[in-house]
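Shown next, in structure tokens, is the structure this report addresses.
Readers should treat all values here as calculations from the given coordinates under stated rules, not as data from a laboratory. Here the structure is a predicted model, which is why all the values come from computation and not from measurement. Reconstructed Cβ throughout: ideal geometry from the backbone, glycine too, with neighbour counts over all protein chains shown.
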Amino acid sequence: MMLSPDQAEADLSWTQSDPESLLNGLKSAGCTSDEHMEGDEKVRCKSDPPLSREEKRRRRRATAKYRSAHATRERIRVEAFNVAFAELRKLLPTLPPDKKLSKIEILRLAICYISYLNHVLDV
């Protein structure tokens, strides 16, 4: 239905019902707004099937609080990972000493260096 500026508000059926009667109608149908998930403003009815474990997890992960906490944990993990590689990089001899190496290069060089040290100890 298209609305025109000259159309009277009285012609619109949704403006005639006040919010109180609309809420009472929902409650009489078994729907309440008290059953919403955190951060989820949707109204659920008692006739709706219970949410599966996956759906509950999906809704919980969609909240801003969860995303923020996850991003913080991921940042801490990545920083610890990078610090570990930096410490390993300091122990490896290269020419020039400050040569920039990728993580895979650091791992390969560490493997070679460990095998070299084992060989030196065996001789």
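Tell me the residue from E79, E105 that is loosely packed, with under 12 Cβ neighbours inside 10 Å and of a type in the set (D, E), please.
Just one listed residue meets the conditions, E79.
Output the residue which, of all residues in segment 82-113 that are in a loop (DSSP other than H, G, I, E, B) and of a type in the set (D, E, K, R), is nearest to the chain's Cα centre (by Cα).
Among them, the one singled out is K100.
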